[in-house]
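Beneath this line is the structure, given in structure tokens, with notes to follow.
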Amino acid sequence: MKGAQRQHEQAEGIVKQPLFLWGMYWRLIGVQVRAQLQYRTAFVLEILSSGITLFLFFLSMAFVLQRFGDLGGWTLGELAFLWGTVEFAFGLMDMIFSGFDPSNFGKQVRQGFFDQLLLRPVNITVQVLGSEFFLRRLGRIAQGALIFAFALSLADIHWTVGKLLYLPLVIGGLVCFFGGLFIIGATGSFWTVDSIEAMNILTYGGSEMMAYPMHIYPDWLRRTFTYIVPAIFLNYYPALYFLEKSDPLGLSQILSFISPLVGMGMLGVALAFWRFGIKHYQSTGT
Amino acid sequence: MLYNRQFALRPIDDGRWTIEERVQSIVYRLRSVSYYHKEFAVNLQAALPPIPEVRLFWELARRSFQRQMTYRAATLAGLATNLFFGLLRVAVMVALYGERTTVAGMNLQAAITYTGLGQAVIAFLSIFGWYDLMRSVSSGEVAADLLKPLGYFRFWLALDLGRALVAFLLRGVTVMLFYAFFFDIITPVTLWQWTALTIALVLSWVLSFAWRFLVNLAAFWTPNAIGVGRFAFGIAWVLSGFYMPLRFFPTWFQSFCHFTPFPSMVNTTIEIYLGLLMGPALIQALFVQLFWIAVTILACQRVLRAGVHRLVIQGG
């Protein structure tokens, strides 16, 4: 009896260790990667086709700018910098945080799969993170990288050590920011399904919005995405620093460097909300 | 529920089925009836004199319309998304134009209206993709659909008609009303322009449907048809003039686009609305639409015939 109890306690201890959770996460993902690699032709075709689609988008943007010269004072290369960073970071986030994708997670909650996860003796956040992993997001990531490469060749950026070191932090900030939006949307689906659509506007609409320089938007919209959802600090202000452009909005230059902080802040707020949601979660009973 | 029970208890050959009941039994697809009943309905249809196809077509369209009307939350969400993206597109156009007044025959007002019309037809033409037929193939429902006393193409056309009408009214017209409220947009003036616009809208819907149908038929060959769909719909975003007005492109790329059916889906309709196509050019554009409809439908029939021979229904 006592032995059994000790064993149980030991097991519980192991389950809470970070190393165990880390291993568990990789195991959950590994299964999915192996499964998805079974359909190699489909995988390659999909990446190829989305690559062609994106190329067409880029081409038409290039054509339009050829005719107009610039967009709000930004050249094609400079726009590609914004577009590439957002595309790359969003793809990366979409690969890591797919489990929290509100439209998918909402379905899991409605169909009761989320209840199954809750019954397992492993950290719930790790389980949800490991519940979906789409290898095909590599396509979007590669496309982002490609657009970014265009930006590098078109927009003559003066690289310094500071810029090289800061670039990964900007990408990290963007990943955290979008991941935070996904987590908030997922948590919202504990209460209502309609919240998902509203969040989709923020995530997909937000990423589309951030692909263009923020000063082109009407004031009220830009203020919303400065003070309520601080998206403007994640790639617009860093881009001003990388491309050495002056700020048409006339704010402090320091704002170019808060991107990682804003991203982590967003993720922190989202995780707090997620924990609050889990605590108050009531199953739909299905 | 009551209807289902009646349906199950009646013997097959009692000959007392009203036309209405038989129509009901064919449009089962729009209700949730058990598989047994589906089989039953199909067998029954074979034994009785045929119902006029036109009647069936309109009944299916009506049912589809009613069903689509009930998706209120989805409609609202879609509308909100269209308006948000419309706002972004307008900002991009304003920034592009800057001080310029007219580019490629379009002034800023026309360009803004263009973005509105683009958002307005997204749902109407299912621009972001349509995978219903593919899903029916993977779920096996296709077996019963192919046995219907209505051509397979016409069956889906009827369903899409109902869906498109709702989308046109609730998503298309509404987007344009919002645009008219917030921005200074162009509206067609002459009666002739309105007439041409109506014809072009109908033709663009038929063409877009035929294209979507053709793409969906890929599901008869491969279980990964969704990938095919993403590609086929994705290239249409750019080549149809949905992403950017085709007029902004260099001439050689415009002519390349016009070698595909895509401009007839979006660009033509919008240019007629904006009054950019007039006189003989307008008539020609309508005939080009008709031409592409004929080509695509012909392709649909060919491919469908080949596909049905290949199709293997997995279980039931």
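The values are calculated or read from the model by the stated rules, or taken from the named source; none is laboratory data. What you are looking at is a predicted structure, and each value in this text was computed from that prediction instead of being measured. We place every Cβ from the backbone using ideal geometry, glycine too, and count neighbours over all the protein chains shown. Heads up: the accessible areas ignore ligands, DNA and RNA and are worked out on the full protein's heavy atoms, side chains in. Shrake-Rupley method; radii C 1.70, N 1.55, O 1.52, S 1.80 Å.
Filter the range B:234-267 for residues that are of a type in the set (Gly, Ala, Ser) and in a helix (DSSP H, G or I); which is surrounded by the fewest Cβ atoms within 10 Å (Cβ to Cβ)?
Going through the qualifying residues, I end up with B:Ser255.
With the requirement that a residue be surrounded by 16 or more Cβ atoms within 10 Å (Cβ to Cβ) and of a type in the set (Gly, Ala, Ser), what does the range A:23-50 give you?
Of everything in the range A:23-50, those that are surrounded by 16 or more Cβ atoms within 10 Å (Cβ to Cβ) and of a type in the set (Gly, Ala, Ser) turn out to be A:Ala42, A:Ser49, A:Ser50.
Test A:Gly112 against the stated conditions and say whether it is farther than 22 Å from A:Cys176 by Cβ and either among the charged types (D, E, K, R) or open to solvent by less than 20 Å² (accessible area, probe 1.4 Å) (or both).
yes
Output the residue which, of all residues in the range A:63-77 that are open to solvent by 30 Å² or more (accessible area, probe 1.4 Å) and assigned to a helix (DSSP H, G or I), is nearest to the other protein chains (Cβ to nearest Cβ).
By that ranking, first place goes to A:Arg67.
Mind checking which residues of the range B:69-102 are of a type in the set (S, T, N, Q) and open to solvent by less than 50 Å² (accessible area, probe 1.4 Å)?
Matches in the range B:69-102: B:Thr75, B:Thr81, B:Asn82.
For the range A:164-182, does any single residue satisfy the condition of being more than 22 Å from A:Val262 (Cβ to Cβ), open to solvent by 20 Å² or more (accessible area, probe 1.4 Å) and touching a residue at least 40 places away in the same chain (Cβ under 8 Å)?
No, the range A:164-182 contains no residue that is more than 22 Å from A:Val262 (Cβ to Cβ), open to solvent by 20 Å² or more (accessible area, probe 1.4 Å) and touching a residue at least 40 places away in the same chain (Cβ under 8 Å).
Can you tell me which residues in the range B:79-108 are basic (Lys, Arg) and either assigned to a helix (DSSP H, G or I) or in contact (Cβ under 8 Å) with a residue 24 or more places away in the chain (or both)?
B:Arg89
Answer yes or no: is there a residue in the range A:195-218 that is away from chain B (no Cβ under 13 Å) and open to solvent by 40 Å² or more (accessible area, probe 1.4 Å).
No; the residues of the range A:195-218 include none that is away from chain B (no Cβ under 13 Å) and open to solvent by 40 Å² or more (accessible area, probe 1.4 Å).
Please enumerate the residues belonging to the range A:188-227 that are modelled with pLDDT under 90 and farther than 21 Å from A:Leu82 by Cα.
Result: A:Gly188, A:Ser189, A:Phe190, A:Trp191, A:Thr192, A:Val193, A:Asp194, A:Ser195, A:Ile196, A:Glu197, A:Ala198, A:Met199.
Check whether at least one residue in the range A:233-247 is within 14 Å of chain B (Cβ to nearest Cβ) and either within 23 Å of B:Ala91 (Cα to Cα) or touching a His at 6+ places or on another chain (Cβ under 9 Å) (or both), and report yes or no.
Yes, the range A:233-247 has at least one match.
Just need a number here: residues in the range A:244-286 that are basic (Lys, Arg) and assigned to a helix (DSSP H, G or I).
2
Out of all the residues in the range B:216-241, which are within 12 Å of another protein chain (Cβ to nearest Cβ) and within 15 Å of the chain's Cα centre (by Cα)?
Scanning the range B:216-241 gives B:Gly229, B:Ala232, B:Phe233, B:Ala236, B:Trp237, B:Ser240.
If you check B:Tyr273 against the conditions, is it touching a helix residue (DSSP H, G or I) at 6+ places or on another chain (Cβ under 8 Å) and within 14 Å of chain A (Cβ to nearest Cβ)?
Taking the combined requirement at face value, the residue does not satisfy it.
Report the residue count in the range A:22-50 for those that are in contact (Cβ under 8 Å) with a residue 60 or more places away in the chain and within 10 Å of chain B (Cβ to nearest Cβ).
Result for the range A:22-50: 4.
Which one of these does A:Ser60 not meet: (1) away from every other protein chain (no Cβ under 12 Å); (2) among the polar types (S, T, N, Q); (3) crowded, with 20+ Cβ neighbours inside 10 Å?
If we test A:Ser60 against (1) away from every other protein chain (no Cβ under 12 Å); (2) among the polar types (S, T, N, Q); (3) crowded, with 20+ Cβ neighbours inside 10 Å, just (1) comes out false.
Among the residues of the range A:227-243, which ones are open to solvent by 10 Å² or more (accessible area, probe 1.4 Å) and farther than 17 Å from A:Gly72 by Cβ?
Within the range A:227-243, A:Tyr227, A:Ile228, A:Val229, A:Pro230, A:Phe233, A:Tyr241 meet the criteria.
Which residues, counting only those in the range B:168-182, are farther than 15 Å from B:Leu274 by Cα and open to solvent by 10 Å² or more (accessible area, probe 1.4 Å)?
The answer is B:Phe168, B:Leu169, B:Leu170, B:Arg171, B:Val173, B:Thr174, B:Leu177, B:Phe178, B:Phe181, B:Phe182.
In the range A:269-286, which residues are modelled with pLDDT of 90 or more, open to solvent by 40 Å² or more (accessible area, probe 1.4 Å) and farther than 14 Å from A:Pro230 by Cα?
If the condition is that a residue be modelled with pLDDT of 90 or more, open to solvent by 40 Å² or more (accessible area, probe 1.4 Å) and farther than 14 Å from A:Pro230 by Cα, then A:Leu271, A:Ala272, A:Phe273, A:Arg275, A:Phe276 are the ones that fit.
Of everything in the range A:126-163, what is of a type in the set (Val, Ile, Thr) and open to solvent by less than 40 Å² (accessible area, probe 1.4 Å)? Give them in sequence order.
A:Val126, A:Val128, A:Ile141, A:Ile147, A:Ile157
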